[in-house]
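Read the figures in this text as sums done on the coordinates, not as results from a lab. The model shown is predicted, which means the values in this text are computed figures rather than measured ones. Neighbour counts are summed over all protein chains in view; Cβ atoms, including those assigned to glycine, are modelled from backbone coordinates with ideal geometry.
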Amino acid sequence: MGFFQTNLPYLLAGISTGGQYALIAIGYTMVYGILRLINFAHGDVFMCAALMVIYSASYLPLYVSVPVAIVATGILGFAIERVAYKPLRTAPRMSAMISAIGMSYLLQNLALYVTGGLTKYYPPIPYISDSIEIFGAMTKRVTVITPIVTVVLIIALVSIIKYTKIGIAMRAVSRDFETAQLMGVKINSVISATFVIGSLLAAVGSTLFFSNYTGVTPTVGGMPGLKAFVAAVFGGIGSIPGAVIGAFIIGICENLIKGLGWTTFSDAFTFVLLIIVLMFMPTGLFGEKTTDRV
Amino acid sequence: MSERVLEIKDLTLQFGGVVAVNSLSMYVDKGEIVSLIGPNGAGKTTAFNAITGLYVPTNGQILFEGKKIIENYPHGKMKKLYAGSENGKYKERLEPTPDKVTKLGVARTFQNIRLWKTQSVFDNVLIAKHMRRTSNVFTATFRLNAAEEKKQREETAELLNILGLYQVKDQNCTTLPYGLQRRLEIARALATDPKLLLLDEPAAGMNPQETLELTEFIGRIRDDFKLTVCMIEHHMDLVMNISDRIYVLNFGALIAKGTPEEIQSNPTVIAAYLGEDKNA
Amino acid sequence: MDKTKKRDLIVSLGLIALIFVVVAVLEKVLPTTSMLFTVLKKGSIYALVAVSMNLLNGFTGLFSLGQAGFMLLGAYTYAILTIPVEARAAVYQYYDGGIVQFSVPVIVGILLAGVVAAFFAYLIGLPVLHLKSDYLAIATLGFAEIIRAIFQWDKLGGLTNGSNLLRKFPIFHSTLFPFAVSALCIGIIVMLINSTYGRAFKAIRDDEIAAEAMGINLAHHKRLAFTISSFFAGISGALLAMFQTTVQASQFKSAMTYEILLIVVIGGIGSITGSCISSFLFVASSEWWLRFLDNSETYIGSLHLGLLRPGFRKVVFSVIIMAIVLLYQRGIMGDKEFSLTRIRQRLSGLFKKKKVQ
């Protein structure tokens, strides 16, 4: 009971962080599934979403600015794909990845320019930023809300992928890009949709994340982005359930490690976990096994 | 009594529940040209991949020059799934990587040409000589292996000369016409100093004239390089002209073996293969 | 054929010698505080690490993102081993002067920096090198992050000084020093690439299955490329430490690896001269040429450019990078090398065309 009591806050925080990572990881894994591209700029989209809330909140009430920022992030994701990735559709894979790194660089530097290098603080959102008590542990309400929001959004996403036309097209494209194109699937709209969905989810994740950790700097997207990506790889990149499970495992482990007082290693541990998994399962938990055709 | 170069015993390859090669036993003697034929998807290339170490067989044994080089038995997940026969006959797990098999003297070509695309014709062959080096990374970097390098270059030039590729040696290999690319793949395989050459559909995509040339060419290199040849082929004129013996595979299993004459008159083969596709 | 090769070699060596002479003269003429020297020093260090990364990504086809981690290992090894004994008490003030109580000469320190990085690369390579493309990338990136965390761990403070700075180790003053070390190392890498091993690396890059079928031991050669690449990354880490005069683990983030990867790709994957040229261009534009953009007091005539304020330089810089990435997809050099012969052929080609007209 004592162990449970001391570790409960960390476990709760872990589930919450895991949910936030999951929302970001989906963006990585969906883009990878379709374009075989590691979208390095995704973590920065997550950061931009936060900045948009901060800046719009000074003109608009929160209940307007948050949805506006989320929609704007979706548009940002769309624009990034059009500017940085679409022209490279036929280029070698490395080019698109470099373009992603360049985009990430650009977004960070833009943020640096706009913020003037100062840490901006996320506005407290009524209700979800309030403190509550669970089993005697104090925490913010967002901790409890995150997993619920995550699960609801994932169910929505899975339904979209399973039942809507665009979802079927997405699955077709991720299975076989060229054949899908030959069969008349509108590749560009599928890819745009993927980026928009990924960015929207990242924006929601960002709202939840920064309600907890309120400081926003231009490079703040780096670590959560990287960890969400690790989560996606962990689960087998390209697989949505894999990304979600990976994200929760990583979120929980990371916070439990912090609970043990090993904060220096909370980031590194994520990678240790990843490498151990990759050693035994070279394509992650749910990744497709690839065999080379000879 | 001729010398046995390759002997395959009860070779089975199973992927999940699919049996690609089922209890294949065959042998190739020194100096022979043996063909492996069968409809598409019969498991011919899979068998080649097992011989060269690219795939690990599920069950069975492969001997090269009388020495056991590959052996496996169903274990782990395969223990339950295994659908082949001869379970329990083999006890050892011997799984060399492809480079080890090549080192012993087995070289191959690929069905879908796999040249090193950014390299010149000359370098494609020269790289295959890398395996027979005596230098290490230090001596090679600091050019202490100049004599060996020179020898390798001379041998490469000679090989290209024999195969009629010397004129195009400085071209990028992808600029060659299809027939020459196939020939370059054979040159590359020969550069590894093989005793056994495995050709995977050497005549694929060739017209009758080119096929005729190739027939002669394969016979010639067998004699010149004192090779033993095992090949997969669909062009029946080539196969029947050149082969000493033929094995016929269908759905992973051996359905016939014998000399070209025996195969041509074998009713099972005609039903399964020749009868359905007279033009092949 | 062989004659032109020999001539090319002599011309290239002559060019390199010329560059050294020019730098030496510049050092005599210009004030030592000139930004030019900062750019040349840092550029040469980045050129070395970019070439070492190119050896992996461009020539062996291994997509590795661990470069910053190996530079960290090199930088720390050099710093820890060369801080003079009498300065150790001041540097390791929180750790009773640290546990290393000797120091080695600069050259030995630099060499050991490479050796330590190579040793760790060997160990890391064992579990990860069989992974495919993106999985390899993220695993190596992960190792770099793990190394960084370990070096910041206060339990190892006696060795690494925890998250504090390491300083007071010997540094260089002349630009010629990093130039010489980088040129030597890059020269060795070029010789490796042109050797039989280099050809085997390229075969692995072009077609792994064919390479293995032709008797090239994949595991051995990949490990070799990885270890050698890390050796030189370690040396460049040592040079970077000397350039900065201090070392701290927190600066060797994955952003650093991305930066190096950008340099490699902008220069052209598979081009050594491309990597070198793009290193200098990258460093010069990010630190020097665009600096006026950060100055809010810049006027064109009497027009005050309102956008200009600190940070604008980096925005412009990243836009330029994006433009290069999008417009020159194969980098400035592609996979070709810079050679006078080619330029001469180009020029004479142009000349001939004009004559015909």
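Per residue of the stretch C:234-246, in order, report the coupling 6.51 cos²θ - 1.76 cosθ + 1.60 (Karplus, θ = phi - 60°) as ³J(HN,Hα) in whole Hz, putting x for Gly and Pro. After applying 6.51 cos²θ - 1.76 cosθ + 1.60, I find x, 4, 5, x, 4, 4, 4, 4, 5, 5, 7, 6, 9 Hz. Computed on the stretch A:133-284, with alpha-carbon pairs under 8 angstrom and 6+ residues apart, the relative contact order is 14 percent. Each eigenvalue of the Cα gyration tensor of the stretch A:7-280, multiplied by 5 and square-rooted, gives one semi-axis; in descending order these are 29, 22, 18 Å. Using equal-weight Cα scatterers in the Debye expression, the normalised intensity of the stretch B:114-193 in log10 at q = 0.15, 0.23 Å⁻¹ is -0.50, -1.02. For A:A41, the residues 5 or more places off, or on other chains, whose built amide H falls under 5 Å of its own are A:S104.
Note down the magnitude of the dipole of the protein assembly as shown about its Cα centre, charges +1 on Lys and Arg C-beta and -1 on Asp and Glu C-beta and zero elsewhere, to the nearest 20 debye.
Working: 84 positive and 62 negative charges, 350 e Å.
Around 1680 debye, computed over the protein assembly as shown.
Computed with the Debye formula from one identical point scatterer per Cα of chain C, without solvent, the log10 of I(q)/I(0) at q = 0.06, 0.14 Å⁻¹ comes to -0.25, -1.24.
Given only helices, namely DSSP H runs of n ≥ 4 each adding -39500 (n - 2.57), what is the per-residue ellipticity at 222 nm of chain C, to the nearest 500 deg cm²/dmol? Result for chain C, helices only: -22000 deg cm²/dmol.
In whole percent, what relative contact order does chain C give with Cα contacts below 8 Å and a gap of six or more residues?
Working: 539 pairs, mean separation 97.8, N = 357.
Value for chain C: 27 percent.
Remark: spin-label model distance C:K132-A:V144 equals 4.6 nm, labels positioned 7 Å along the Cα→Cβ axis. Sorted from longest to shortest, the spans of the Cα atoms of the stretch C:117-237 along the three principal axes equal 52, 36, 20 Å.
The gain in end-to-end length when the C:V100 to C:I150 segment is fully stretched comes to 16.2 nm, 0.36 nm per residue minus the alpha carbon separation.
Length, then width, then depth: along the principal axes, the Cα atoms of the stretch C:172-225 run 51, 18, 14 Å.
Loop only by DSSP, 13 or fewer other Cβ within 10 Å of the Cβ. Give me the trypsin sites (Lys or Arg not before Pro) in the stretch B:38-84 that pass, ordered by residue number.
Numbers: sites: B:K44, B:K67, B:K68, B:K77, B:K79, B:K80; in loops: B:K77.
When the trypsin sites (Lys or Arg not before Pro) of the stretch B:38-84 are filtered for loop state and at most 13 Cβ neighbours within 10 Å, B:K77 remain.
The ellipsoid that matches the Cα gyration tensor of the stretch A:158-294 has semi-axes, each √(5λ) in whole angstrom, of 31, 21, 11, with the longest given first.
Among residues other than C:G274 whose Cβ falls under 15 Å from its Cβ, what is the net charge (Lys/Arg +1, Asp/Glu -1)? Net charge in that neighbourhood comes out at +1. Relative to the longest principal axis of the Cα atoms of chain B, the long axis of helix B:178-190 makes an angle of roughly 90 degrees.
Residues in the stretch A:279-287 carry Karplus couplings, in order, of 5, 8, 10, x, 10, x, 5, 10, x Hz; the curve used is 6.51 cos²θ - 1.76 cosθ + 1.60 with θ = phi - 60°, and Gly or Pro positions show x.
Computed from backbone phi with θ = phi - 60° and the Karplus coefficients 6.51, -1.76 and 1.60, the 3J(HN,Hα) list for the stretch A:141-158 is 5, 4, 4, 7, 6, 3, x, 5, 4, 4, 4, 4, 5, 5, 4, 4, 4, 4 Hz; x is used for glycine and proline. Take every Cα pair under 8 Å whose residues are at least 6 apart in sequence, average their separation, divide by the length of the stretch A:7-280, and the relative contact order is 40 percent. Scanning residues 5 or more positions from B:N250 or on other chains, those with amide H under 5 Å from its amide H are B:I255, with H placed 1.01 Å from N in the peptide plane. Within straight cross-link reach of C:K314, meaning Cα distance under 19 Å, which lysines are found once same-chain residues fewer than 8 apart are removed? List returned: C:K42, C:K253. Remark: the Cα gyration tensor places the stretch C:1-46 in the oblate category, a/c being 1.5 or greater and a/b not exceeding b/c.
On average over all directions, what projected area in square nanometres does the stretch A:87-168 have, based on the convex hull of its Cα atoms? Let's see the in-between values first.
Values: hull surface 40.5 nm².
Projected area, direction-averaged: 10.1 nm².
From the largest down, the stretch B:10-166 spans 54, 36, 32 angstrom on the principal axes of its Cα atoms. Going from the fewest other Cβ atoms within 10 Å to the most, the residues B:T46, A:T29 appear in the order B:T46, A:T29. Projecting label points 7 angstrom from Cα along Cα→Cβ for B:D237 and C:H220 puts them 4.5 nm apart. Per-residue mean of foreign Cβ neighbours for C:322-329 is 6 (Cβ atoms of other chains, 10 Å radius). Spin-label model, B:T134/C:K336: points 7 Å from Cα along the beta carbon direction are separated by 4.0 nm.
When both bridge partners sit in chain B, DSSP labels roughly 60% of those beta bridges antiparallel.
Checking the a/c ratio against 1.5 first, then a/b against b/c, what shape does the Cα gyration tensor give for the stretch C:223-285? Provide the component values of the computation, followed by the final result.
Working: a/c = 1.77, a/b = 1.19, b/c = 1.48.
In terms of gyration-tensor shape, oblate.
Calculated FRET efficiency, C:N194 to A:L8, Cβ-Cβ distance, R0 = 60 Å: about 0.45 to the nearest 0.05. With an a/c value of 1.5 or above and a/b larger than b/c for the gyration tensor axes a ≥ b ≥ c computed over the alpha-carbon atoms, the stretch A:44-150 is described as prolate.
Set the Förster distance to 35 Å, then compute FRET efficiency between C:L36 and C:Y328 from the Cβ-Cβ distance, nearest 0.05. Can you show the working numbers first?
On the way: r = 26 Å, r/R0 = 0.74.
Calculated value: 0.85.
With +1 on the Cβ of every Lys and Arg and -1 on the Cβ of every Asp and Glu, and nothing else charged, how large is the dipole of chain C about its Cα centre, in debye rounded to the nearest 20? All intermediate terms of the calculation are to be shown ahead of the outcome.
Working: 32 positive and 18 negative charges, 280 e Å.
That gives chain C a dipole magnitude of about 1340 debye.
Centre-to-centre, using Cα atoms only, the stretch C:136-176 and the stretch A:6-33 are separated by 29 Å. When Rg and Dmax are taken over the Cα atoms of the stretch B:40-120, they come to 14.7, 49 Å.
Treating each Cα of chain B as one equal point scatterer and applying the Debye formula with no solvent, the log10 of I(q)/I(0) at q = 0.07, 0.11, 0.14 Å⁻¹ comes out as -0.27, -0.67, -1.04.
Within 10 Å of each Cβ in peptide B:130-143, how many partner chain Cβ atoms are there on average? Round it to a whole number, please. Write down the numbers at each step before the final one.
Values: counts 12, 6, 1, 5, 0, 3, 2, 12, 3, 2, 9, 12, 4, 3.
That works out to 5 on average.
In terms of Cα atoms, the Rg and Dmax of the protein assembly as shown work out to 31.0, 101 Å. A viscosity of 1.306 mPa s and a temperature of 10 °C, combined with the Kirkwood radius over Cα pairs in Stokes-Einstein, give a translational diffusion coefficient for the stretch B:88-155 of 108 µm²/s.
Based solely on its DSSP helices, what 222 nm [θ] is calculated for chain A when runs of n ≥ 4 H residues each add -39,500 (n - 2.57) and the sum is averaged over all residues, nearest 500 deg cm²/dmol? Each step should come with its number before you reach the end.
Values: 11 runs with 206 residues, N = 294.
It lands at -24000 deg cm²/dmol.
Amide H contacts for B:N59 (H built 1.01 Å from N in the peptide plane; partners 5 or more residues away or on another chain; cut-off under 5 Å): B:T12.
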